[in-house]
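Heads up: the structure comes next, in structure tokens.
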Amino acid sequence: MDNPVWSFFFPNSAESKSTIELLKSLSVFENVSTRNLVQIERVLHERRYRAGEIVFNEGEPGAGMYIVKKGEVSIEKKISATAGGIRLALISERSFFGELALLDDISRSASAVTTTETVLYGFSKPDLGNIMERDPRLGSRILVNLSRIVCSRLIKANDNLERVQNELNLIKSGAE
């Protein structure tokens, strides 16, 4: 449908089906019914980026998470003003990032920069709040899934920190 008014009421069913399949593949929406995924799809905000565009900068307030529909996003952390930064992760299609912004009003801990032409879906904290008001069971399910993801990532970060600390201790003991 070319008419934007009618396409609002009757979205492209093939594109909608594709978006629902994308949402089903994400751990943040695990055990969420198709009917509920349709509700979530309605609040997603599509954003298009060229390669090299900044999605958000480290230190900025976080408004929500992003789902990668197409393309790739580099998550980068500044080391210092003169040394530049390091890549923490490369987020590809059918993945998401920035989910901590759904849980707390904290600033972004890293920057997100597209590496290719990219299409993202934004899922904001106010959208999650509205879902929680309308359907507390759905909101709770999403929050439980987010909690599991954050816990898993924290455990991985702790393991990495322990590994780096052990490597530093070996280097230090070898230098003495």
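Things to note:
- For the chain, the longest principal axis of the Cα atoms and the long axis of helix 136-175 meet at an angle of about 20 degrees.
- Annotation: extensible slack from K156 through N169 equals 2.7 nm (criterion: 0.36 nm per residue apart, minus Cα-Cα distance).
- Label corresponding to P(r) over Cα pairs in 10 Å bins from 0, in percent when calculated from the structure given, among [x] 9, 31, 33, 17, 7, 2, 1, 0; [y] 9, 36, 35, 16, 4, 1; [z] 10, 40, 39, 10, 1: [x]
- With 0.36 nm allotted per residue and the present C-alpha distance subtracted, the R148-R35 stretch has 38.4 nm of extension available.
- Net lengthening on full extension, E133/S80 (0.36 nm per residue, minus Cα-Cα): 14.9 nm
- Inter-probe distance in nm under a simple model that places probes 7 Å from Cα toward Cβ, at E21 and S95: 2.1 nm
- Selected from G84, G59, G71 as most flexible by GNM, with the chain as the system and alpha-carbon contacts under 10 Å: G84
- Taking amide H as placed 1.01 Å from N in the peptide plane, the amide H of E58 sits under 5 Å from that of S111, A112, each at least 5 places away or on another chain.
- Whichever aspartates and glutamates have a C-alpha closer than 18 Å to that of K77, once near sequence neighbours (fewer than 8 apart) are set aside: E53, E58, E60, E99
- Segment 23-92: GluC sites (Glu not before Pro) in DSSP coil with no more than 16 other Cβ atoms inside 10 Å: E30, E53, E58
- The charge dipole of the chain, taken about its Cα centre with unit charges on the Cβ of Lys, Arg, Asp and Glu (plus for the first two, minus for the last two), comes to roughly 260 debye.
- Trypsin sites (Lys or Arg not before Pro) lying in DSSP loop within segment 16-109, provided at most 15 other Cβ fall within 10 Å: R50, R94
- Taking the C-alpha atoms only, the angle from helix 13-24 to the longest principal axis of the chain is near 40 degrees.
Quick note: the coordinates plus some simple rules give every number you see, no bench work behind them. All values derive from a computational prediction rather than experimental measurement. As a convention, Cβ positions derive from the backbone with ideal geometry for all residues, glycine included, and neighbour counts pool all protein chains shown.
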